[in-house]
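All remarks here apply to the structure that follows.
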Amino acid sequence: MIPLKSKKDLDMLKESGKILALVMHKVEKIVRPGITTSDIDRLSEKLILKSQAVAAFKGYKGYPATACVSVNDEVVHGIPGPRVIEEGDIVSIDLGVNYKGYFSDMAVTLPAGKIDTAKKKLIEVTKKSLELAIKKAYAGNKLSDISQSIQSYVEAYGFQVVRQFVGHGIGTALHEEPEVPNFFKNGVSPVLKSGMVLAIEPMINMGDWECMLLNNGWTAVTRDGRPSAHFEHTVAVTDNGPLILTR
Ligand code: MF3
Ligand code: CO
């Protein structure tokens, strides 16, 4: 069952999303060569708590930090630590907020200093694939319209869609039904309805889509060692079309 949100739920989710977007935009500003991935985590935590909200990832299935910070070949769930960000790195920051029981989820990938043109293209295409996918989040469309939009767009650039991780419904829990794959999946796909809220999150590899898990039990990296990018918004399907809650 895919939960449909009431007007009150949506109002609360808007608040949650607004807090998260503001936190993310402040955190984005500190990303540069020389900072550590824990610097990103510490600032994220401080700003979330200051907003009367709680970090949604910390403690989730034992996840040890506020932010996921995934650098270069790290796809998702990079655990913040002493790693120093270097010129030319690309840095994905994924944050989740729980505001009074209402969850929002957002990710961006940023360049550290000057990056090469291939990485620039990967970021640009991944970001654009999310924007195009959000435009498919209309009542009456199928969920697979979102998936197919992402896959066909990124593959046209020679990039590949990660299969091991997918987007998800979100609301009064971080992960709700349905799964939101970024690739075509055989089988029936749910019809989107007004009141559904989705975390749409393309994870796109420059090379092969296959990933492996590091020994820390969390961090996924690309098998071929090439870079990966990740963008995510929490989006409501409404009578007036898609509404980005983490804008
Ligand atoms: N945005 C990711 C997701 O929806 C981040 C989850 S990190 C975790 O799965 F620690 F909470 F698992
Ligand atoms: Co998510």
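Where a number appears in this text, it was derived from the coordinates with a stated rule and is not lab data. All values derive from a computational prediction rather than experimental measurement. So basically every Cβ, Gly included, is an ideal-geometry build from the backbone, and we count neighbours across all protein chains shown.
Assorted remarks:
- Candidate set: segment 195-224, residues that are under 19 Å from Thr246 (Cβ atoms) and in a loop (DSSP other than H, G, I, E, B); chosen: the one farthest from ligand 1 (Cβ to nearest atom): Gly195
- Among the residues making up segment 33-53, those that are outside any loop (DSSP other than H, G, I, E, B), surrounded by 18 or more Cβ atoms within 10 Å (Cβ to Cβ) and touching a strand residue (DSSP E or B) at 6+ places or on another chain (Cβ under 7 Å) are Thr37, Ile40, Asp41, Ser44, Glu45, Ile48.
- Of all the numbered requirements in (1) crowded, with 18+ Cβ neighbours inside 10 Å; (2) free of Cβ contacts under 8 Å to residues at least 60 places away in the same chain, Ile30 misses one, and that requirement is (1).
- Criterion violated by Asp105 - all others in (1) within 18 Å of Met203 (Cα to Cα); (2) surrounded by fewer than 19 Cβ atoms within 10 Å (Cβ to Cβ); (3) touching a helix residue (DSSP H, G or I) at 6+ places or on another chain (Cβ under 9 Å) satisfied: (2)
- So Val76, is it over 19 Å from Asp208 (Cα atoms), surrounded by 22 or more Cβ atoms within 10 Å (Cβ to Cβ) and among the β-branched types (Val, Ile, Thr): no
- Residue match in segment 164-186 (condition: part of a loop (DSSP other than H, G, I, E, B), buried (at least 21 other Cβ atoms within 10 Å of the Cβ), without any contact (Cβ under 8 Å) to a residue 60 or more places away in the chain and not hydrophobic (A, V, I, L, M, F, W, C)): yes
- Selection over segment 163-179 of residues that are β-branched (Val, Ile, Thr) and within 11 Å of ligand 1 (Cβ to nearest atom) gives a count of 2.
- Count of residues meeting criterion [surrounded by 24 or more Cβ atoms within 10 Å (Cβ to Cβ), within 16 Å of ligand 2 (Cβ to nearest atom) and either touching a residue at least 60 places away in the same chain (Cβ under 8 Å) or among the small types (Gly, Ala, Ser) (or both)] in segment 110-156: 6
- Filtered residue count, segment 225-242, keeping only those that are more than 16 Å from ligand 2 (Cβ to nearest atom) and either of a type in the set (Ser, Thr, Tyr) or touching a residue at least 60 places away in the same chain (Cβ under 8 Å) (or both): 8
- Residue list for segment 42-65, filter: touching a helix residue (DSSP H, G or I) at 6+ places or on another chain (Cβ under 9 Å), of a type outside the set (Gly, Ala, Ser) and touching a residue at least 24 places away in the same chain (Cβ under 8 Å): Leu47, Ile48, Gln52, Val54
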